[in-house]
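The values are calculated or read from the model by the stated rules, or taken from the named source; none is laboratory data. This structure is a prediction, so every number in the text was calculated from the model and none was measured.
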Amino acid sequence: MVFNLFNKNIHHYPTLPSLAFGIFRSNFIPENTIPQLSGKIAQDIRQGYTGGAVDVYIPKPPNGVKIKGYDVNSLYPKQMFDRLMLLVILLILKEISKILILMHLVSFSVI
């Protein structure tokens, strides 16, 4: 359907946005041109970009008071590891309980 409408082979585009951009470029932008904005429109668009803006909070405790700071981003891997270990322990206990139940059933059938 896309090939019939726009003469574009979808197998040449890995994502839907790249296909959409390919259709746009082939239908609306003349070949061998580089679109470039200028003037008021370009200024308005450029004002909308604020890449890399970061707010930093620097705590200032009262004199003589010590504060502790934690890098919560670096604590994430440890929390995930702790949860993973808990899951592993629970799975092991579940398997052990199955084995104990089986041993109990076997001991009754032997007698």
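Working only within region 63-86, note down all residues that are at pLDDT 85 or above and either of a type in the set (A, V, I, L, M) or on the phi > 0 side of the Ramachandran plot (or both). Scanning region 63-86 gives 64, 65. Taken over region 38-53, the residue count meeting the criterion of being hydroxyl-bearing (Ser, Thr, Tyr) and modelled with pLDDT of 85 or more is 1.
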